[in-house]
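A short worksheet on the structure shown next.
The values are calculated or read from the model by the stated rules, or taken from the named source; none is laboratory data. Source: prediction; values computed, not measured. When we count neighbours, we look across all protein chains shown, and the Cβ atoms used for this are built from the backbone with ideal geometry, even at glycine. Surface accessibility is based on the protein's heavy atoms, side chains included, excluding ligands, DNA and RNA. Shrake-Rupley method; radii C 1.70, N 1.55, O 1.52, S 1.80 Å.
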Amino acid sequence: MKVAEIKLEDLKPTEFIEEQVKSISSSVGKELAINALSGGVDSSAVTLIGHKALGNKLKTYFIENGLMRQAEAQRIASLFKDLGVPVEVLDARKEFFGALKGLTDPEEKREAITQTFYKTVFGRLVRESKAKYLLQGTNFTDVEETVAGVKRQHNILEQLGIDTQKEFGYKVIEPIIQLRKSGVRAVAKTLGLPEELYNRPPFPGPALAARVIGEVTPDRVELVRLATNVVEEELSNTKAFQYLAILHEDKVTGVRNGKRDFGFQIEVRCWDSKDALIASPTRLSFDVLEKLASRITTEVPGVVSVTYNIANKPPSTIEAI
Ligand code: XMP
């Protein structure tokens, strides 16, 4: 099916929400649906639209895959509890790290995450709950990038010819598939989400695994998680589109306390962009860069080198894998 974009200037958020609520209720009927909330603006908007449409016929899960930011599960679950939406946190760390073990190729890592998410975790949830539908926050850019062959965004199924009913045992409903990020933010704001959610920088579906070059192990993700904390704290007051930390596969020689230290390299990226299709590095001041380097080499164990990406997208991409 070809997806038609709704441009920001043509979007009427209230009407859009009403239409989606009607369409979800009529598709799901008396059946049950489930959805995964990651705390990003896309899945947050879909969770609220879904609950408007289905009430307690929709069960929302936060999948703790071990790849999320610090204390994210508890934070998001309590934020949604305050909005009247119960969220169950499901610990799936073993399954995800098991599937990622030994993989270094970016597309193989993405495929492992997709399979673990849709087949292992959701397959089981659907069988146990008897849900017939999965609601998810695929957006227009995800479709466009996957169809163009830039990257396989982990949530793209139908556009790759995947029949979810046949492969995983449930149907997928994608209420925001016609919107780009700016449209989703407008809808999220109208839905009454707090600003810290509707204005959150984008975060990729494969989460911190998209920021680990080479094998994704719990220890390596922890390094990126700590570096991400620093980058988010230091850059949240910029107007940048997105900012992130990447762990490189190669180690480099450094020196600590007068001794050789063969340590890790972290790359910082900070992007100016409208829609993630093209992007350029934000012209951060050298003072800001120095502070980032100083904090990352002090607060993230074993890091001896911090670099700042100065290449545009294209040919770079926003994430590292
Ligand atoms: P890239 O890295 O392709 O990212 O320039 C474009 C935007 O999409 C976000 N994003 C993803 N990126 N895989 C990705 O590589 C995903 O599954 C995914 N989901 C979202 C990314 O953070 C950036 O904003």
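What translational diffusion coefficient, to the nearest whole µm²/s, does the range 119-200 have by Stokes-Einstein, given a Kirkwood radius computed over alpha-carbon pairs, a temperature of 37 °C and 0.692 mPa s viscosity?
232 µm²/s
Packing-wise, with mean Cβ within 10 Å as the measure, how do 175-181, 260-266, 76-82 rank, highest first?
Per-residue Cβ counts within 10 Å, averaged per peptide and sorted highest first, yield 175-181, 260-266, 76-82.
On the protein heavy atoms, probe 1.4 angstrom, tell me the percent of accessible surface of the chain carried by carbon and sulfur.
Details: 7710 of 15080 Å².
Percent of accessible area from carbon and sulfur atoms in the chain: 51.
Would the range 212-308 count as rounded, prolate or oblate if I go by the C-alpha gyration tensor, calling it rounded below 1.5 in a/c and otherwise prolate when a/b exceeds b/c, oblate otherwise?
The shape class here is prolate.
If R0 is 35 Å, what FRET efficiency do you get for residue 104 and residue 233 from their C-beta distance, rounded to 0.05?
0.70
Please compute the per residue accessible area over the chain with all protein chains in place, 1.4 Å probe, rounded to a whole number of Å². It would help to have the intermediate numbers written out before the result.
Numbers: 15080 Å² over 321 residues.
Per-residue value: 47 Å².
Working out 0.36 nm times the residue gap between residue 14 and residue 316, then minus their Cα-Cα distance, what length gain in nm do you get to one decimal?
Result for the pair: 105.1 nm of gain on full extension.
Can you give the charge dipole size of the range 119-253 about its Cα centre, rounded to the nearest 20 debye, using +1 on the beta carbon of Lys and Arg and -1 on the beta carbon of Asp and Glu?
Once rounded to the nearest 20, the dipole reads 520 debye.
What's the center-to-center distance, using Cα atoms, between the range 81-155 and the range 196-262 in Å?
Between the Cα centre of the range 81-155 and that of the range 196-262, the gap is 21 Å.
Taking all pairs of different Cα atoms in the chain, averaging 1/r and flipping that mean, what Kirkwood radius in angstroms comes out?
20.5 Å
Kindly flag which residue pairs out of 81/189; 2/239; 57/151; 52/81; 109/189 have an alpha-carbon separation exceeding 26 Å in this structure. Let's see the in-between values first.
Details: 81/189 18 Å; 2/239 33 Å; 57/151 34 Å; 52/81 15 Å; 109/189 33 Å.
The answer is 2/239; 57/151; 109/189.
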